[in-house]
Every structure is written in C-alpha cells, then in structure tokens.
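For reference, the structure is listed below as structure tokens.
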Amino acid sequence: MKSPNKEKKKGANSKTLTTATGIPYADNQNSLSAGPRGPLLLQDFHLFEKMAHFNRERTPERVVHAKGAGAHGTLTVTKNITRYTKAKIFSEVGKKTEMFARFSTVAGERGSADTVRDVRGYALKFYTEEGNWDLVGNNTPVFFVRDPMKFMDFIHTQKRLPQNNLRSEIMWWDFWSLVPESLHQVTILFSDRGIPKGFRHMNGYGSHTYSFINADNERFWVKFHFKTMQGIENFMQEEADKIAGKDPDWATRDLFEAIERGEYPRWRLEIQIMPETETEKFRWNPFDLTKVWPHKDYPVIEVGVMELNRNPSNYFAEVEQAAFEPSNIVSGISFSPDKMLQARVFSYADTHRYRLGVNYALLPINRPRTAKANNYQRDGFMRFDDNGGDSPNYEPNSFGGPKEDPAFKEPPLKISGDADRYNQPVVDDDYVQPGNLFRLMPPDQQSRLIQNLVNSLKKVPRLIQERMVSHFGKADPAYGEGVAKGLGL
Ligand code: NDP
C-alpha cells in the first residue's frame, strides 16, 4: 500500500477491508438502520468498533516536548576513542550504527507552531549491539536549573496560567528573576539561536556530563556535542511570527521534505573529555547543568558523523511512540553525579509508563535491533508479543533462563559527604558564563538579544524588570545597561 502522500501506483493490489479481528466489511459507507430512514441498530459492530477505536486514538501527549518530528539514520565513527570508552558503538573507525532522532519544541502542545522562541529537544536513540543508548539532549549546552526540585515549577511557568489558560511572560520572568542560575540559558534563548531555522540548522548537545569507561575500567567525564553540518541558521523574530501563522509545521515539513529529496542532514559528533582526577580542580562544578566546559580548557575531539536518511513511514508508530530515556546507557557509557541527570534517569521511564503503558519498550521503535531483550518481565497491559512463551519467569532457575554477566559491572564511584539538601549558593559564577556568551557575540547579535529581551520584559511588572536588569548587569555591564535603556529604567 502507498501513502496518500505518494503517487498511486497503477493497478496496485487492493485488499479486502476488515475489522480488527479480520472480519470483512460488506459496506463501509452506510450504517445498519431499521429502514432507510430509521434509527441505527446496536448490532452494527462494524460501525461501533470503528467509532470506539477512533474515540481512543489519542494517547496522552508528552507534558514537555509534545510537538516533534523524527527520522531514522546512522552514526559513523571517524576517530578511535577506545582509550576513553569500551562502548561497542565506538569500537572502530568506520563503524555504522542505526539510530533514530526526534526533535521538538518544549512548551507548546502537540499542534503548536514550530517557529517559536523556545529550546528545541534533540533526542537520539542508538540501536547498539549491547542495547539501546539514548542521548536525550537539547539544542543548548546548558539548562535553566541545576536541581530537579525546581524543574516542575519551571515548566509550569512555561505552560499556561491556571486562571485563564493563557501563556504568561510574567510567570517566565518572575521565575527567572528569582533563579539567577537560569541566566545562561535565558541568554541563549533570547539570542539569535532561540529560534532555529528548522531542525537541520541547529546544534544538539547532550548537555549533561556523562561518563566514559574504558576496557581498563578507567572513568572519564564526557560531554557530547552534535554540530550541524548544514551550518547554523536562525529565524529573526518577525519572520518566525509570520511563519507560525502561515505554516505552523514549518520545521516538521522542512525535515521531512529534505530527506525525501535525498538531502540528508548531518551532524558532526564532538566530545569533550575530563579525566576523573580533574573533577575537583575545575573552576566550576563539572556536574552543574547551567555551565559549559570552556573549549580552551577542554578542547573538542571529533568522533563521528550522524546522518538522518530515512523518514518514518508512520508518524504515530515511530515518532509519537518513540520513548527516549536517559536511563538507557550501555557498557562503556554511564551517568555522572549531575543532579538533573539523576532525576531524568527516573522521570523519563516513569512518564513512558504513564503515556504508553508498562510495555512501551516492546514497541517496534523502542525495541533493541542488534541486541536482544531477555528478561523475566511478564504480563501487563498490551503485552502483544509471546510474553516469554513457556520459558521460566523467575531467576535463578534450572531451565536455561538468561543470567547476569559480571563483565558489565562498572568501576565503583567514590562518593562522600553528609546526606542533606544543598543549596549551591548564588555566587558570581552564575554570571561569568552568560557574560562570556554576551561578550563573544558581535554587536549586531548583542543588540538583537537586548531587543528580544526588552520586547518580552516590557510586559512584566517593574519589580521583576529591575531584578532582571541587575542580573544582566552582573553578567556584563553593557548587557545590563542595554536592557535597562530599552525598558526606560
Ligand atoms: P568558544 O569561543 O570556544 O565557543 C563559543 C561557543 O559558543 C561555540 O561553541 C559557538 O557555537 C557557541 N555560540 C555562539 N553563539 C551562540 C549563541 N547565540 N548561543 C549559544 N551558543 C553560541 O568559547 P567557550 O568554550 O569559552 O564558551 C564561551 C561561551 O560560549 C560559554 O559561556 C557558553 O555560553 C557558550 N557556549 C560554549 C559551549 C562549550 O561547550 N564550551 C557550547 C556552546 C556555547 P558554534 O561553534 O556552533 O558556532
């Protein structure tokens, strides 16, 4: 069968239409009624099955990153990094691994416009031979908060006001002005890169610090960056606003059509490596998600090329049902003490269990491809495979069931300190990196950044404006003065 998107093939075989259980329809146009003008009969199961399934077509949308587009592709390794990691995906130069990517906006609902000022999600699933590795990042290297306790409140500010279901810039700026660690991400968001020109022209960042473990069981901290090979391109605000009205699906269409034309988008995978011994020496907490590692301290190493070269054949099955989870790490790649990462390891799987059901990992898009899942999980809603057949459902057992393999054990990670709730004090450090970003922008970018901020901040109470101007000024005096002038403060 062909997609209505494609030209119909002459003489294509048509099949008999059936119910979900294979019973043929004699008539798919007219419901069963008592006489030509009479009421319908309850026995018309063809009609009621069709209607009941339709009524249940929508699964809950993702609370964040609801609107997205995805594509299949490959990651090809270009440099040997086996001194840092034993991960099979990086085992040799030239190695190709199948993967799936989903890009998204964060705040909007499933039908919202693509060309809004917002962070973009950059979620990747690599089907490696030792299980799926998911890297669930954004198009920015940092995030608004460094402690997950603040995450739910932050997202509420990006969603809708409880009273009237309207989005509210007052909520954004109230929160940001009271949480100065957000200044770095706010500066990126209101810069030119806050509205990327579709998904092909933006970078992706793993953002968190992860760990690499090599064959000698040595640990290195690592950051992942995917640099667009199409070049960075952004929409200016006025242009983006117009497109949001004319073609709210602009980025989704752009990605799909480019791949259909054979223009496969590519990203260069770069990593930054920090030896475990340097953790304490680094000027910043290397596990603070509001900070980057400056390139001069930790230069990037190019390790591969990711190419997206196949569109999904069914959006719901592949893009909507894709379940990315930072908890999917494979041997040779692991977590770090980053508090946001630790919370996401829990929260993604938790949200999939709610959104797709407990057996979400069995869906074709989420199943491992070269590896095989063997375990003692059984039953649950929508268990549509053979549910383990007649094999044992407990372990240890004497009947040849799958067994653990200590070869996959990670080296221990030394941790110390008293269990407590630590508020990383607001120190100058929160202003240095946003200031560095402001200072590296050429004057025209700086003035667009300031104008974008002023256009939004002019809608909020003066008290909040003043708090924000103080933060911008601490990052760089010219930054603070520019916004203050624009607001007439
Ligand atoms: P570098 O001069 O070595 O790197 C600057 C980085 O900034 C480049 O990666 C560049 O990306 C990126 N960049 C340029 N304009 C913007 C923008 N409007 N929004 C987001 N990123 C942008 O400097 P440092 O490594 O010392 O970092 C200086 C500042 O650059 C940081 O404080 C941070 O704000 C920002 N940055 C740093 C990154 C890092 O990992 N070190 C990563 C991304 C941003 P590109 O190469 O694609 O042009």
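The values are calculated or read from the model by the stated rules, or taken from the named source; none is laboratory data. None of these values were measured; they are calculated from a predicted model. Virtual Cβ from ideal backbone geometry, glycine too; neighbours counted across all protein chains shown. Surface areas here come from the heavy atoms of the whole protein model, side chains and all, with no ligands, DNA or RNA. Shrake-Rupley method; radii C 1.70, N 1.55, O 1.52, S 1.80 Å.
Does I329 satisfy the criteria of being of a type in the set (V, I, T) and open to solvent by less than 30 Å² (accessible area, probe 1.4 Å)? So I329 does not fit the description; no. In the stretch 274-303, which residues are among the charged types (D, E, K, R) and either open to solvent by 20 Å² or more (accessible area, probe 1.4 Å) or more than 15 Å from the ligand (Cβ to nearest atom) (or both)? Passing the criteria: E276, E278, E280, K281, R283, K296, D297, E302.
If you check F226 against the conditions, is it open to solvent by less than 30 Å² (accessible area, probe 1.4 Å) and within 16 Å of the ligand (Cβ to nearest atom)? The answer is yes for F226.
Here the condition is being among the small types (G, A, S), open to solvent by less than 40 Å² (accessible area, probe 1.4 Å) and out of contact with any Cys (no Cβ under 8 Å at 6 or more places or on another chain); of A34, A26, A20, A69, it holds for A69 alone.
Condition first: open to solvent by 10 Å² or more (accessible area, probe 1.4 Å), within 16 Å of the ligand (Cβ to nearest atom) and at negative phi. Can you find one or more residues in the stretch 150-171 that meet it? Within the stretch 150-171, not a single residue is open to solvent by 10 Å² or more (accessible area, probe 1.4 Å), within 16 Å of the ligand (Cβ to nearest atom) and at negative phi. For the stretch 194-218, taking the residues that are in a strand (DSSP E or B) and open to solvent by less than 20 Å² (accessible area, probe 1.4 Å), the one that is farthest from the ligand (Cβ to nearest atom) is identified as I213.
For every residue, the table says whether it meets (1) farther than 15 Å from F100 by Cβ; (2) in a helix (DSSP H, G or I); (3) out of contact with any Asp or Glu (no Cβ under 9 Å at 6 or more places or on another chain).
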{"site": "V319", "(1), (2), (3)": "no, yes, yes"}
{"site": "P337", "(1), (2), (3)": "yes, no, yes"}
{"site": "M340", "(1), (2), (3)": "yes, yes, no"}
{"site": "V345", "(1), (2), (3)": "yes, yes, no"}
{"site": "D379", "(1), (2), (3)": "yes, no, yes"}
{"site": "F384", "(1), (2), (3)": "yes, no, yes"}
{"site": "G401", "(1), (2), (3)": "yes, no, no"}
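The sole residue among A407, A484 that is part of a helix (DSSP H, G or I) and exposed (fewer than 10 other Cβ atoms within 10 Å of the Cβ) is A407. Applying the criterion of being within 10 Å of the ligand (Cβ to nearest atom) and outside any helix (DSSP H, G or I) to the residues of the stretch 421-470, the residue that is least open to solvent (accessible area, probe 1.4 Å) is M441.
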